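All remarks here apply to the structure that follows.
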Protein chains: 4
Amino acid sequence: MEKHLPTKEELTESLRFAPFHRWLDLRIGEITDDGLEIIMPWRPEIISNTNPKEVIHGGILASLIDHTGLYAVLSQGVKTTSTAYVHVDYHRLATSGPISAKAKILKIGRTISTAEIFVYGPDGTLLASGRGGYPCS
Amino acid sequence: MEKHLPTKEELTESLRFAPFHRWLDLRIGEITDDGLEIIMPWRPEIISNTNPKEVIHGGILASLIDHTGLYAVLSQGVKTTSTAYVHVDYHRLATSGPISAKAKILKIGRTISTAEIFVYGPDGTLLASGRGGYPCS
Amino acid sequence: MEKHLPTKEELTESLRFAPFHRWLDLRIGEITDDGLEIIMPWRPEIISNTNPKEVIHGGILASLIDHTGLYAVLSQGVKTTSTAYVHVDYHRLATSGPISAKAKILKIGRTISTAEIFVYGPDGTLLASGRGGYPCS
Amino acid sequence: MEKHLPTKEELTESLRFAPFHRWLDLRIGEITDDGLEIIMPWRPEIISNTNPKEVIHGGILASLIDHTGLYAVLSQGVKTTSTAYVHVDYHRLATSGPISAKAKILKIGRTISTAEIFVYGPDGTLLASGRGGYPCS
C-alpha cells in the first residue's frame, strides 16, 4: 500500500491553519527524505530579554522544536495531530533572526514517532536542540 | 548569610520586563515556600487548532512550563538568567483559559537547580506537566 | 466494564520474571491508588564511584525510574510492555541503600500513559526523579 | 591555554574504575573529534524479557546512554564527574549483542555540557537514542 506523502503546499496550508503559526509567520523551508525545515522570522513580541541585547524567548524556540518535529512526522505521510512530549536543550542565546529549525525522523513507530530537531541562527550557529514524540492518530 | 527572597512585586517586575511575557499578559499568582504560580489568560493568537474547537498551542504551554520553573528558582533567591533544558509531557488539550502553571522546586543545586511544573485549566484539570533545569549564574 | 487491577503477588511475579530485576533483587513496596513503590537493596556491582565513597551508578537509578513507572502503569490495569521514553534528573549522590522508588500516575492515556517517579535514600532524601511514557499495547 | 585531551588508555582506565562498568564489561571503541563510542557485550543478567525472545533491559540502554555521553564530554578535556539529567527514547528492542553507543558533543558549556547518544545493535539498527547534560566540576 502506497502512502501519500503531502506536498510542500499541503504542509504549508496545514502549518498556516494555526493562528499561532501565522502570528509567528512560520514557513516550510527545505524538505528532505527524512525531515524538513521550518523558518521563523524575528518579531519584537517574541523577545525575552533586552539587556544587554535582545534575545528570542526560549519558549518560542521550544515551540519551534515542537512543531518542526510534528511537521517532519506529517511529511512522512504519518497521521498525527498532537505532541506527546518534547525535550529541549538550550545551547546559545538567539540574538538575531531569521531562525531555522531542522527536524529529522528518528523512528516512525506503530504507536509513537520520534524526531530530533536542531535550531540554528542566521549564521548557522546551533542555538538549541531537542526531540519530540508524536502519537499516531 | 541570609539570602534575600524577592517580593511578589520584584518578581512581577522581572517577569513583565520580557516583551513576550507582556504579550502573553502573564501574572504571578500564589507564591509558596517552595515555588509559585503563573497565570496566563486566553488570547486568540496563541491558538493552535480551531477545529473542532480552539486549543492553545502546545508550544505556549511549553513556554509557560519553562518560565514558571525559572521564576520558581528566582523566588528562592537563587540567581539564574536562563534555562538549560526543559521536558514537557502533554496530557490533555487546553480548550479554555485562564491557564495556571504551578512550579515546585525539586533541588536548589550548586551548578543547576531543577523544578517541576504542572499546568492546569480553569477547572483544575491537569493539561501538561514537565521539568526544567536552570544553571546558577 | 470493570478493569482487573493486578494484585501485589501478580505484580511481583511479573517484576521478578526479568533476569535483570532478579539480579537487582527488586521488590514491590507500598501500592497506592495512583502508583506504587519498588525497593532496591545495595549490591557491590551497581557502584559507580568508590572514591571518596561508594556511590550507586546513575544508570541504575535511571533503570529504577524506568521500571517503577512501568509497574505503576501496570498496577492501574493498563496493558503496556515497554517504555517509549524516560527523563531523569539527578539531584544527590546515592551513598547508601536500600533505595526506594515511588511512582505516581500523571495520566492514563489512550495511546500513551505517563508517570512521575521519585527515588529516595534510606533516610528519605530525594536522590533523583523523573518521568516515563509507556505506550498502550 | 592548551587543554589536555585524555588518551584512549586514560579514558579506559577511568571507565573501568567503576565496578558497574566492569560488571557490564564496557570498552571504549572509536574516538572521534567530537565524541566516542562505548561497546557493551551481551550478558544474561541484563535481560528484561525472555518471551518470545531475550531482550536487553531498557534501563541498561539508559545507563549506556548516560555514561557514553559523560565519557564523550571527558574526551574533550572537560572535567565532569556526574550527570545532571538524561533523556532516552526507545526505538526498537535490543535482541542481540554486542551493543554500540556513539556519543557526539552538542555543546561544551561554561556550566553544563550536552551530548547526544545513539545506541545500535550488531547490524547497525538504531535501538535507542537520547541526550545527557553534564555539569562542569
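A short reminder: the numbers here are calculations on the coordinates, not readings from a lab. Since this is a predicted model, take the numbers as computed values, not measurements. When we count neighbours, we look across all protein chains shown, and the Cβ atoms used for this are built from the backbone with ideal geometry, even at glycine.
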Alpha-carbon centroid distance for the pair segment D:1-71 / segment A:105-137, whole angstrom: 25
If you take each beta carbon of peptide C:73-86 and count the beta carbons of other chains within 10 angstrom, what is the mean? 4
Report the number of Lys pairs in segment D:8-135 whose alpha-carbons are under 26 Å apart, with separation of 8 or more residues or on distinct chains. 8
Calculate for the protein assembly as shown the 222 nm mean residue ellipticity that helices alone would give, adding -39,500 (n - 2.57) per DSSP H run of length 4 or more and normalising by residue count, nearest 500 deg cm²/dmol. -7500 deg cm²/dmol
Got the D:Gly29 label distances to the other copies yet, label 7 Å along Cα→Cβ, in nm, shortest first? 3.1, 3.7, 4.8
In a Debye calculation with equal point scatterers on the alpha-carbon sites of the protein assembly as shown and no solvent, what is log10 I(q)/I(0) at q = 0.06, 0.08, 0.09 Å⁻¹? -0.27, -0.49, -0.63
Given a cut-off of under 8 Å on Cα pairs at least six residues apart, what relative contact order in percent is computed for chain C? 24
Per residue of C:110-117, count partner chain C-beta atoms within 10 Å of its C-beta, then hand back the mean as an integer. 4
Under the definition of partner shielding as Cβ atoms of other protein chains within 10 Å of a residue Cβ, what is the mean value for peptide B:53-61? 6
Dipole magnitude (debye, nearest 20) for segment C:1-57, charges at Cβ of Lys, Arg, Asp, Glu: 320
Of A:Val55, A:Ile38, A:Thr80, which is farthest towards the positive pole of segment A:8-135's charge dipole, taken about the Cα centre with +1 and -1 on the beta-carbons of Lys, Arg and Asp, Glu respectively? A:Thr80
Sequence of B:Tyr120, C:Tyr90 once ranked by neighbouring C-beta atoms within 10 Å, starting from the fewest: B:Tyr120, C:Tyr90
Using a label position 7 Å from Cα in the Cα→Cβ direction, what is the ascending list of nm distances from B:Gly77 to the same site in the other copies? 4.0, 5.0, 6.2
P(r) of segment A:54-137 over all Cα-Cα pairs, binned every 10 Å from zero, in whole percent: 20, 50, 24, 6, 0
Pairwise label distance in nanometres, B:Thr125 with A:Arg92, each label 7 Å out on the Cα-Cβ vector: 4.3
Just want the ordering: B:Glu30, D:Glu37, C:Glu9, B:Glu116, from fewest to most Cβ atoms lying within 10 Å of their own Cβ. C:Glu9, B:Glu30, D:Glu37, B:Glu116
Based on the Kirkwood radius over alpha-carbon pairs, what value in µm²/s does the Stokes-Einstein equation return for the translational diffusion coefficient of segment C:1-131 at 10 °C and 1.306 mPa s? 106
So how far apart, in nm, are the two label points at D:His4 and B:Cys136 if each is 7 Å from Cα heading toward Cβ? 2.7
Total charge dipole magnitude, the protein assembly as shown, about the Cα centre, Cβ charges on Lys, Arg, Asp, Glu only, Debye to nearest 20: 0
